[in-house]
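Asker: A single structure is presented below for examination.
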Amino acid sequence: MPARAVRRSAKCDDNTRRALPPLSDAQLAAYAVTALIEEAQLTPKPALVDRRGSGAHRDLDLATMIRSANALGPTFAALARVSRGRVPSATLRAELAQIGRAGELAMMQATGGSNAHRGAIWILGLLAAGAAICGDEAAQASSICESAAQIACFPDRFAAPVSESHGERVRQRYHVGGARREAQDGFPHVIDIGLPALHRARADGIPENAARIDTLLSIMVSLDDTCLLHRAGLPGLAAGKQGARRVLACGGSASLPGRMALAALESELMTLNASPGGSADLLAATLFIDTLIQRDASGITSGSAEPWNI
């Protein structure tokens, strides 16, 4: 297997772990769904669906995003269930891919044909699988991301031709990594950027909502977001990166100058009809891993309620 070395970030792992029972498949799925819903509800985000409206997306709104997220609960649970007790392999990769494609169909049915979370199925699906493989080590971000990366490095023998995927076409045209490389590299925008930015903002006393917005912006500064590239090419990517950098330089979204810069960023992206959907998916992934870390640090187990007929 063409395994990649995955960077480990000790500061993202909790060194005071408590003995908790491993999360069930349903619990992992619930955390993944919650991460998607919390990302969708986070407001204000630049040109993305949030509580204010549809952003640059004519075929999506908040209610649709929430329906999509809830429809993916059984998919995330199935991905975790198939992975539990396994090691990354080509066989497991093929099984997960089949489940993921069925999840795409469920998403499309829930949204009336709109692509709300295709990238998130890949990203959060791999992380849910990685968490199931890690078992009682599921709060260690580096272990989850390493297991997910090992899975992602195996080829999908039944994948559709690249011409059928916007993301793959963008990857080839602009020579960027995209969601596939992000996973194969061990989710560096979660481990090295998202989690440190979120934890640093909290340590600085920034309110949670603003901390999450600033985390999204930190990801945008670094990520070659294929959603921006697909919708607006290199000008859209440059606008997203430079605008996000300006907001953070102005003091972040909790400050008045930062909020003004954020409004300017949104205006520019709306003019370009572009939105940082890839960055939003990685924010959701960051929130998912952060939930696992917080659970372990607090010693509190989640409830046993299962919102889906799994």
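The values are calculated or read from the model by the stated rules, or taken from the named source; none is laboratory data. Small disclaimer: the values here were computed from a predicted structure and weren't measured. A quick note on method: Cβ atoms are made from the backbone with ideal geometry, for glycine too, and the neighbour counts reach across all protein chains shown.
Asker: Looking at Pro257, Pro276, which is the one that is under 21 Å from the mean Cα position of the chain (by Cα) and of a type outside the set (Lys, Arg)? Break it down stepwise before answering.
Answerer: Details: Pro257 fails: under 21 Å from the mean Cα position of the chain (by Cα).
None of the others qualify; the one that does is Pro276.
Asker: Could you say which residue among Ala47, Ala32 is part of a loop (DSSP other than H, G, I, E, B) and surrounded by 24 or more Cβ atoms within 10 Å (Cβ to Cβ)?
Answerer: Ala47
Asker: I'm trying to understand the selection: among the residues of the range 96-133, which are without any contact (Cβ under 8 Å) to a residue 40 or more places away in the chain, among the hydrophobic types (A, V, I, L, M, F, W, C) and either farther than 22 Å from Gly186 by Cβ or crowded, with 24+ Cβ neighbours inside 10 Å (or both)?
Answerer: Ala102, Leu105, Ala106, Met107, Met108
Asker: Further, regarding this structure: Which one is surrounded by the fewest Cβ atoms within 10 Å (Cβ to Cβ) among residues in the range 134-146 that are assigned to a helix (DSSP H, G or I) and either touching a helix residue (DSSP H, G or I) at 6+ places or on another chain (Cβ under 8 Å) or polar (S, T, N, Q) (or both)?
Answerer: Within the range 134-146, the subset assigned to a helix (DSSP H, G or I) is 134-137, 141-146.
From what's left, either touching a helix residue (DSSP H, G or I) at 6+ places or on another chain (Cβ under 8 Å) or polar (S, T, N, Q) (or both): 134, 137, 141-146.
Working: Cys134: 23, Glu137: 16, Ala141: 29, Ser142: 20, Ser143: 19, Ile144: 28, Cys145: 29, Glu146: 23.
Across the range 134-146, the extreme among qualifying residues is Glu137.
Asker: Looking at this structure, is Leu42 out of contact with any strand residue (DSSP E or B) (no Cβ under 7 Å at 6 or more places or on another chain) and modelled with pLDDT of 95 or more?
Answerer: no
Asker: Only one of (1) of a type outside the set (Gly, Ala, Ser); (2) out of contact with any Lys or Arg (no Cβ under 9 Å at 6 or more places or on another chain); (3) at pLDDT 95 or above is not met by Asn115, so which one is it?
Answerer: Of everything listed in (1) of a type outside the set (Gly, Ala, Ser); (2) out of contact with any Lys or Arg (no Cβ under 9 Å at 6 or more places or on another chain); (3) at pLDDT 95 or above, Asn115 misses just condition (3).
Asker: Do we find a residue being of a type outside the set (D, E, K, R), buried (at least 22 other Cβ atoms within 10 Å of the Cβ) and over 17 Å from Ile193 (Cα atoms) anywhere in the range 205-223?
Answerer: No, because not a single residue in the range 205-223 is of a type outside the set (D, E, K, R), buried (at least 22 other Cβ atoms within 10 Å of the Cβ) and over 17 Å from Ile193 (Cα atoms).
Asker: Quick check on Ala183: is it surrounded by fewer than 21 Cβ atoms within 10 Å (Cβ to Cβ) and part of a helix (DSSP H, G or I)?
Answerer: no
Asker: What are the pairs, 6+ residues apart or on separate chains, where a residue within the range 56-75 that is without any contact (Cβ under 8 Å) to a residue 40 or more places away in the chain has its Cβ under 6 Å from a residue that is surrounded by fewer than 18 Cβ atoms within 10 Å (Cβ to Cβ) and of a type in the set (S, T, N, Q)?
Answerer: From the range 56-75, the pairs are Asp61/Ser54.
Asker: Would you check which residues across the range 54-77 are in a helix (DSSP H, G or I), touching a helix residue (DSSP H, G or I) at 6+ places or on another chain (Cβ under 8 Å) and farther than 13 Å from Gly130 by Cα and list them?
Answerer: The answer is Leu62, Thr64, Met65, Ile66, Arg67, Ser68, Ala69, Asn70, Ala71, Gly73, Pro74, Thr75.
Asker: Checking Leu23 against (1) within 20 Å of Glu104 (Cβ to Cβ); (2) modelled with pLDDT under 95, which single condition isn't satisfied?
Answerer: Failed condition: (1).
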